[in-house]
Amino acid sequence: MSVATKEYQELRTKIEAADARLVAVSKTKPVADIMALYELGQRDFGENRVSELVEKYEALPKDIRWHFIGHLQRNKVKSIAPFVHLIHAVDSLRLLREIEKQAAAVGRKISVLLQFHIAKEDTKYGLDVDEASSIMNEVAATPLPHVNIAGVMGMATYTDDKARVADEFATLAEIKEQLKKKNFPEDDGFREVSMGMSGDYPLALAAGSTLVRVGSLLFGER
Ligand SMILES: *Cc1c(COP(=O)(O)O)cnc(C)c1O
């Protein structure tokens, strides 16, 4: 565990002052590291592999809110449906429908975010605005009562060019506003903008992030 109590508190204070929440990204890190942050009051943790998430869920306190932040395969939804708090990276209608099915099977309503492709790199997953609109039309026609679409998520280009990163975050915040106006005008539940990581979270907060996903800054390099 590399993070000092003071640094954790400062990071959290900064994030909460901007009306956002910290998701501590604990992928590849041992449960002891997670417990050390848990003892300091951290409850939101993020993982990007299903098998690792399930193992950690089983080993750790049950009041942890587990965020799945990676690319989720449909055949793995079932394993996390009983306990996952928020699925950040939904990028297809087929995946939404599988989440609906597995949430119904365990009698839960599962919150998800739609992942958008905001980076000017083509290696990342995510929707564009047209794809999201067509998904929202399908969802309006065939509702998913066990899925709560709670907002959007994105990753900026990995670059030192701050103006570019700020621009990509602004784009995501704008997409969220548009979707809200068009598809969730009465729904205060559609509010999350998951953006910002260790290297770019200050820019994300400035652009209106509500959930920052910080890993290496807290836990050290992977
Ligand atoms: C690993 C990861 C993070 C955290 O990255 P750091 O640079 O370690 O803060 C955030 N979001 C996603 C989707 C990740 O996979």
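Each value in this text was obtained by applying a stated rule to the coordinates, not by laboratory testing. Every value quoted in this text rests on a predicted model; they were computed, and no experiment measured them. Don't worry about glycine lacking a Cβ; one is built from the backbone with ideal geometry, like all the others, and counts go over all protein chains shown.
Do we find that A170 is free of Cβ contacts under 8 Å to residues at least 40 places away in the same chain and not hydroxyl-bearing (S, T, Y) in this structure? Break it down stepwise before answering.
Working: free of Cβ contacts under 8 Å to residues at least 40 places away in the same chain: yes; not hydroxyl-bearing (S, T, Y): yes.
So A170 passes the test.
Each row is one residue, and each column tells you yes or no for (1) surrounded by fewer than 16 Cβ atoms within 10 Å (Cβ to Cβ); (2) without any contact (Cβ under 8 Å) to a residue 60 or more places away in the chain.
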{"residue": "V147", "(1), (2)": "no, yes"}
{"residue": "A156", "(1), (2)": "no, yes"}
{"residue": "K181", "(1), (2)": "yes, yes"}
{"residue": "D187", "(1), (2)": "yes, yes"}
{"residue": "F190", "(1), (2)": "no, yes"}
{"residue": "V193", "(1), (2)": "no, yes"}
{"residue": "M197", "(1), (2)": "no, no"}
Complete set of residues in region 19-60 that are among the hydrophobic types (A, V, I, L, M, F, W, C), touching a Leu at 6+ places or on another chain (Cβ under 8 Å) and surrounded by fewer than 19 Cβ atoms within 10 Å (Cβ to Cβ): V31, M35
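Is it true that some residue in region 91-110 is in contact (Cβ under 8 Å) with a residue 60 or more places away in the chain, surrounded by 16 or more Cβ atoms within 10 Å (Cβ to Cβ) and touching a His at 6+ places or on another chain (Cβ under 8 Å)?
Taking region 91-110 and keeping what is in contact (Cβ under 8 Å) with a residue 60 or more places away in the chain, we get none.
No, region 91-110 contains no residue that is in contact (Cβ under 8 Å) with a residue 60 or more places away in the chain, surrounded by 16 or more Cβ atoms within 10 Å (Cβ to Cβ) and touching a His at 6+ places or on another chain (Cβ under 8 Å).
Across region 184-206, what is the number of residues that are assigned to a helix (DSSP H, G or I) and within 16 Å of the ligand (Cβ to nearest atom)? Walk me through it before giving the result.
Going through region 184-206, the residues assigned to a helix (DSSP H, G or I) turn out to be 201-206.
When the remaining residues are screened for being within 16 Å of the ligand (Cβ to nearest atom), the result is 201-205.
Number satisfying all stated conditions: 5.
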Residues of region 146-167 that turn out to be within 14 Å of S194 (Cβ to Cβ) and within 14 Å of the ligand (Cβ to nearest atom), as a count: 5
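Name every residue in region 125-145 that is within 16 Å of the ligand (Cβ to nearest atom) and crowded, with 19+ Cβ neighbours inside 10 Å, in order of residue number. So that I can check it myself, show each step before the final result.
Step one: of region 125-145, the residues within 16 Å of the ligand (Cβ to nearest atom) are 125-127.
Across region 125-145, the qualifying residues are G126, L127.
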Subset tally (residues that are without any contact (Cβ under 8 Å) to a residue 60 or more places away in the chain, of a type outside the set (S, T, Y) and away from the ligand (no atom under 16 Å from the Cβ)) for region 11-44: 10
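Among the residues of region 45-65, write down those that are away from the ligand (no atom under 14 Å from the Cβ) and farther than 16 Å from F219 by Cβ. So that I can check it myself, show each step before the final result.
Just the residues of region 45-65 that are away from the ligand (no atom under 14 Å from the Cβ), to begin with: 51, 54-65.
Residues satisfying the conditions are S51, V54, E55, Y57, E58, A59, P61, K62, D63, R65.
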